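Values in this text are rule-based calculations from the coordinates and carry no lab data. Just so we're clear, the structure is a prediction, and the values are computed from it rather than from any experiment. Cβ: placed from backbone, ideal geometry, glycine included. Neighbour counts: every protein chain shown.
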Amino acid sequence: MWRKLALDLQSRFLAIREIRRIGYDLAIDLYPYFPNSIPLLFCAGIPVRLGWTSAGFGGLLTHGMDWEDSAAHVVEWHKRLLGILTSCREHLGLARTELYSSDDIRSQWRTIAEKYRIPDKFIAFHVGAGGIHRRWPTENWKRLAELCLDKGLSVVLLGHGEEERAICREIAEQSPDIHDLSGQLPWRLMSEAISQSQLLVGLESASGHIAAARNIPVVSIYSGTTRTSVWRPFHPSARVVVSSVPCSPCYLPGGCEGMECLRSTNPETVYKEIDSSLSIA
């Protein structure tokens, strides 16, 4: 513990020194919970500091706003926060999530696609989730892949870590039209794989937000531990599937033992959303 504390203090000191050296005029902290970066930004001497007061550091901000319990999307809340600054108000209508690629990354993806004979049109499955309790049963993924294959759709599997790779291997055993890239793509290449897909199917994780930022249709399978209206991918075409249960949303960080809100979501329901999204696209 003492070693970790010493490393943390050293890292904090170096970060403050670097921030001071650059000389930023404005800092924006978008995290409304404890702990956030407001004390660090204050110590770095940035003259204008914008953020949420809900984590208890409002006194260290030059411009703050209270975070409230609301059904509005988190991006809309951040736009309200930016609206405190007069110079930002006229531009808030332009605010949207965007993620950019590069010629080098696109070239690397083409090489991978040729190597694994991935067709130009495919659906991406990202099996990873923000926690074990948010994972969808492997049998459901296999059934969903079967439904997609029956409609002539090719599938690319994405994921990281041994457990996710094991899930992908089991799914991929069903057909040569399922291409398993799990554990083989760094972050930026995984983002590019998503951006090259017709549609992404993912869980409650960053993959859905990547798809939204790359203007790719996404079907996200969510649990009932969070309020989907607040944290869903921020894009008009994004669809969220969650089974309605009386205890949702529960806000439990580790979920419950049964997780019926997620595990009872059947593959047929998810496929209907896929089919509808592709028909519109």
Positive-end residue of Gly64, Ala95, Trp231, charge dipole of the chain with Cβ unit charges: Gly64
Rounded FRET efficiency, nearest 0.05, which uses the C-beta distance separating Trp187 from Tyr251 and R0 of 35 Å: 0.80
Full-stretch length increase - Val230, Leu278 - with 0.36 nm per residue and alpha-carbon distance subtracted: 14.8 nm
Difference of contour (0.36 nm per residue) and Cα-Cα distance, Glu268 to Asp120: 50.8 nm
Residues whose placed amide H lies under 5 Å from that of Val240, excluding near-sequence neighbours: Ser220
From phi via Karplus (6.51, -1.76, 1.60), per-residue ³J(HN,Hα) for region 70-84 in Hz, x at Gly/Pro: 8, 7, 5, 5, 4, 5, 5, 5, 5, 5, 4, 4, 4, x, 4
Computed helical MRE - 222 nm, the chain, DSSP H runs ≥ 4 contributing -39500 (n - 2.57), nearest 500: -12000 deg cm²/dmol
For Arg214, Arg17, order by how many other beta-carbon atoms lie within 10 Å, fewest first: Arg17, Arg214
Gain upon complete extension [Glu146, Ser70; 0.36 nm per residue less C-alpha separation]: 23.5 nm
The chain, relative contact order in percent, only Cα pairs under 8 angstrom and at least six apart counted: 14 percent
For the chain: lysine pairs under 22 Å (alpha-carbon distance), excluding those fewer than 8 apart on one chain: 6
Candidate values (i) 62; (ii) 50; (iii) 58, label of the one derived for percent of Cα pairs over 23 Å apart: (i)
Sequence of Phe122, Phe234 once ranked by neighbouring C-beta atoms within 10 Å, starting from the fewest: Phe234, Phe122
In order through region 135-148: 3J(HN,Hα) via Karplus (6.51 cos²θ - 1.76 cosθ + 1.60), integer Hz, x for Gly, Pro: 7, 8, x, 4, 4, 5, 4, 5, 5, 5, 4, 4, 5, 5
Computed FRET value (nearest 0.05) for His63 with Ala95, which takes r as the C-beta separation and R₀ as 25 Å: 0.90
Estimated vicinal HN-Hα couplings, Hz - region 233-238 in sequence order (Karplus 6.51, -1.76, 1.60; Gly, Pro = x): x, 8, 7, x, 8, 5
Most mobile listed residue (Ala71, Ala212, Ala172) in the chain, GNM with C-alpha springs under 10 Å: Ala71
